[in-house]
Amino acid sequence: MATQSLYRRYRPRRFSEVKGQEHVVRALRNAVINHREGQAYLFSGPRGTGKTTSARILAKVLNCENPQDGEPCCECESCLAVERGTSFDVHELDAASNNGVEAMRDIIDKASLGTPGRHRVYILDEVHMLTKGAEAALLKTLEEPPPHVVFVLATTDPQKVSETIRSRTQHLQFHLLPMDVMENHIRWLAGDAGIDLTDDALQSVLRQGGGSARDTVSALELVASGGGEPLETTPLDEFVEAFIEQDPGRALTVVAYAVQQGRDPRTLTDDIVRHLRDCFLSLMAPELVQLPAQRADEVGQLAQRLGAAGIVRAMERLGEMLVEMRHAPDPRLLLEVALVQLTHQAASNDMSVVLDRLDRLEQQVAAGAAAPAPRPAPVDPATGRAALGGRARPVAAVPSTPAAAPVPEAVAPVAAAPAPAAPAAVSPPAAAAPVAAPPVVAPSAAPAGDLVAAAAARWMADIKPTLKGFARAMYSNTTVLGERDGALSIGVANETHRMKCEDHRKDVEAAIAIVVGGKVPVHLVIHSGVDDDHAGDHPVSGGNGGGNVVAMNRAAPPPPDEDIDLDDLVDAPPEAVVTPLDRLTQAFPGSQLVDE
């Protein structure tokens, strides 16, 4: 005979034993005490939070022979029959497998019959799986049931339940359990069941459960079966560390490790997004983080290092990949592409990447120190390779090796030092990737003409790829004409195109300022090959990305018309003129013309 699961053995029997749902327990107990129980209830919430259990307790207390303060006695024959599942007063139906009209008609026919107890209780689990016809068949009986009938509908997705059903029920929402309540409950349960549980194993159980009582107890049972060892889970902190240190190889290594352990790429992506959400909440609203205290502190430190902009960008990119994975033949490939884009700035042309880099540089300048050097990952003595998750471990576990301080990517001048005459070249870090994003140049005091010339030269290679959205679309078919009255002149096809480009001119000027290090005004002109009297004043030489720069040269005037003397004109000889009939005869040799 199989051993009964822990979540069944320790299922609550009274309302007082239900953990973390005080608002639901209070409403149901008061309704029973005051004899104001409703005709229909709708219990909604995540899985494993006590919806079906509360429905069974309600069914017990409604038919209990000796109820006490809104609680069932759990000793009378009615309560014991409900617990055994043999009660004639309680009918539990799985709407996922009995979702047709015939099942609902059977309930309607039996609802009008008498019952041995005071109430006949119908518990419909997963009610959102009912078909439209079944909902329509149940609707009238649900609105006006017999006086002795109580309906309890349970669902994990109340949005899929029709409005007509929801409006006829009292809707009670169940929530995930707080971590402190869940931790105390698991410690008590492990002690009562005789399970030796270490702190590390307890933390792994709580992380695996995620606030669901049933999932947490199931994880505890799995730990007990494994001898008390912590559950082997994917180190999600490694992804955040890879985002912080801009290390694509580290992120791809964790993906390979998770897939080898049997993790599905879609589920793994969803777990990463959920972990990033905890990081975001730890910055914005720490009281909403559903994690143990020690774990919440670790997540908060990671969030501080990554920053809100980096967290939001990672959540958006991975969320887009989750949508694309629905129809992708290889979802792992999409996940790896997204991780490379998030950990390697040169692989993304998003403007948010540049803004994220600027935010980091500002934080470094405000702190008055360069970014710390990444700690080397410790080597596993058994394999001789770098240990997975080594950099996320405490500093004491990492062997101390001398490391030179990295050179920041771009540092703006701090204060009183005089500005140089030309923008200083910024050397990239020693560990930068072979292909790097356009460097961010500090604000420069260079003349305006030099900035315009630099913008014209770098338009195609460095400025145009950083545009996004409608700005990139509108300026894709434009031509850089060069400097004109201290502004960068850009040619467009017609007036309509110029007006649309004018709407996004400020975005383009902002992108130019980031690349060249100074404000460069943009002047839009209609370019058709012939310009006004300013043409040719500022020819632009080729340079870095200047292949699309067109010099504004005035078109040469047409040659004067040659005088023709009419007396010199002569008539062509008659034999030189070929009539249409002659052409037909030549086209069809041997043919004859028939005159009708």
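None of the figures in this text is laboratory data; all of them are computed from the coordinates on show. The model shown is predicted, which means the values in this text are computed figures rather than measured ones. Glycine gets a Cβ as well: all are built from the backbone with ideal geometry, and neighbour counts include every protein chain shown.
Listed values, structure above:
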{"quantity": "Nearest-0.05 FRET efficiency for Thr198 and Ala461, computed from C-beta distance (R0 56 Å)", "calculated": "0.45"}
{"quantity": "Extension gain, Asn66 back to Gln290 (0.36 nm per residue minus Cα-Cα distance, nm)", "calculated": "76.8 nm"}
{"quantity": "Reachable lysines from Lys519, criterion Cα separation under 29 angstrom, eight or more residues apart if same chain", "calculated": "Lys464, Lys468, Lys500, Lys506"}
{"quantity": "Order of Asp125, Asp192 - criterion: other Cβ atoms within 10 Å of each residue's Cβ, fewest first", "calculated": "Asp192, Asp125"}
{"quantity": "Distance in nm between pseudo-label sites at Gln301 and Lys506 (7 Å out along the Cβ direction from Cα)", "calculated": "4.2"}
{"quantity": "Ascending count of other beta-carbon atoms within 10 Å, so fewest first, for Ile244, Ile512, Ile33, Ile123", "calculated": "Ile33, Ile244, Ile123, Ile512"}
{"quantity": "Amide H contacts of His523 (H built 1.01 Å from N, under 5 Å, at least 5 apart or other chain)", "calculated": "Leu488, Ser489, Ile490"}
{"quantity": "Segment 4-18 - phi-based ³J(HN,Hα) in whole Hz, Karplus 6.51/-1.76/1.60, Gly and Pro as x", "calculated": "5, 5, 5, 5, 7, 5, 9, 5, x, 9, 10, 5, 5, 8, 6"}
{"quantity": "Pairwise label distance in nanometres, Ser591 with Ala96, each label 7 Å out on the Cα-Cβ vector", "calculated": "8.1"}
{"quantity": "Kirkwood Rh and Cα Rg combined as Rg/Rh, segment 86-192", "calculated": "1.08"}
{"quantity": "Modelled label reach - Ile108, point 7 Å along Cα→Cβ, segment 132-173 residues with backbone N closer than 12 Å", "calculated": "133-144"}
